[in-house]
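Heads up: the structure comes next, in structure tokens.
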Amino acid sequence: MPFLIGVIVLIVFLLIVYFYFKLKINGLLKKYYGTTNLKKVLETVETTEQETPKSLGSLDCLYLNNLQKDFNLNINELKRLAEGNILEILEAIEKKDQEIINNKNEKILAFVKRKINDYQDESVSFQKVKIHNTVLNKYEKSDGIATIYLATSLEYIRKIGNNQKKIQNRIKTEFIYIFDDSKVKDSLKSLGLNCPNCGAPIRSLHHKKCAYCKSIVMDFFKKTFVLNDIKEY
């Protein structure tokens, strides 16, 4: 008998706890979402997620003065360049064709290839692309190379087969500028630089020229910031 009473007391206690927390949760759902219907709450959360742009960590105020002092760079032009590259990459993924990308950097091509493989045999399109903002995320100088990281918030309608969904995305682009080639290590495989003329990989800057088409490459990389990597985050 004592055992049975104990079981009954435990069940009653658990029921009290269950209904207590259910009332609390329903109260919070009612307060913040206007309904206690979990399905409607999930739909509201999904809609909010689709309509709310991804936040960006802008550090323009921290890095911009030093960047302009070092290179007299128009950061807005670089931001527009980053956005243009992103749109070009989306088009390449949509058409499943890496060749339409002007930048033949190995990292960029690898990113596009991964995205194409994600969709495999399914058709994909990015419609109503809207770029919300692009900010300076980070700036650093090391081993003769200056690196700028930009973050871009954008939205689009992604259509896969007959299914479509509004996506809020956030993309980071990395631009590099070689300001002192004497400090750059002989092996540039980690940078993934490519000849701007023929697209051939550049493994060393000591010869100054592309080993394939003989174009001068060092002057190009010392005159402008070039896209070196792209990531979703």
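The values are calculated or read from the model by the stated rules, or taken from the named source; none is laboratory data. A quick note: this is a predicted structure, and the numbers were derived from the prediction, not measured. In this analysis, Cβ positions are derived from the backbone assuming ideal geometry, glycine residues included, and neighbour counts consider all displayed protein chains.
A compact table of results
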| item | result |
| --- | --- |
| Tabulated pairs, the stretch 58-80, first of a type in the set (Val, Ile, Thr), second part of a helix (DSSP H, G or I), C-beta under 7 angstrom, 6+ apart or interchain | ILE75/LEU64; ILE75/LEU67 |
| Matching residues in the stretch 70-113 - criterion: being more than 26 Å from ASP180 (Cα to Cα), surrounded by 14 or more Cβ atoms within 10 Å (Cβ to Cβ) and of a type in the set (D, E, K, R) | GLU83, GLU88, GLU91, GLU94, LYS96, LYS113 |
| Criterion: within 29 Å of HIS132 (Cβ to Cβ) and modelled with pLDDT of 85 or more - qualifying residue of ASN72, ASN76 | ASN76 |
| Residue check, ASN133 assigned to a strand (DSSP E or B), in the same structural domain as LYS69 (by TED's automatic domain parsing), touching a Pro at 6+ places or on another chain (Cβ under 8 Å) and under 16 Å from ILE86 (Cα atoms) | yes |
| Verdict on TYR139 being modelled with pLDDT of 90 or more, closer than 21 Å to ILE108 by Cα and assigned by TED's automatic domain parsing to the domain that holds LEU73 | yes |
| Residue match in the stretch 21-37 (condition: over 30 Å from GLN120 (Cβ atoms), surrounded by 10 or more Cβ atoms within 10 Å (Cβ to Cβ) and modelled with pLDDT of 85 or more) | no |
| Matching residues in the stretch 172-200 - criterion: being surrounded by 17 or more Cβ atoms within 10 Å (Cβ to Cβ) and either at pLDDT below 75 or in a loop (DSSP other than H, G, I, E, B) (or both) | VAL184, LEU188, LEU191, GLY192, LEU193, ASN194, CYS195, PRO196, GLY199 |
| Residue match in the stretch 125-146 (condition: in contact with a Gly (Cβ under 9 Å, 6 or more places away or on another chain) and without any contact (Cβ under 8 Å) to a residue 12 or more places away in the chain) | no |
| The lone exception for GLY57 - which of (1) under 30 Å from THR224 (Cβ atoms); (2) in a helix (DSSP H, G or I); (3) not polar (S, T, N, Q) it fails | (2) |
| Flag for LYS141 being of a type outside the set (Gly, Ala, Ser), surrounded by fewer than 18 Cβ atoms within 10 Å (Cβ to Cβ), closer than 28 Å to ASP180 by Cβ and more than 18 Å from the chain's Cα centre (by Cα) | yes |
| Residue among ASN117, ASN74, ASN85, ASN105 that alone is in the same structural domain as ASN228 (by TED's automatic domain parsing), within 16 Å of the chain's Cα centre (by Cα) and on the phi < 0 side of the Ramachandran plot | ASN85 |
| Subset of the stretch 93-114 [in a helix (DSSP H, G or I) and touching a residue at least 24 places away in the same chain (Cβ under 8 Å)] | ILE93, GLU94, GLU106, LYS107, ILE108, PHE111 |
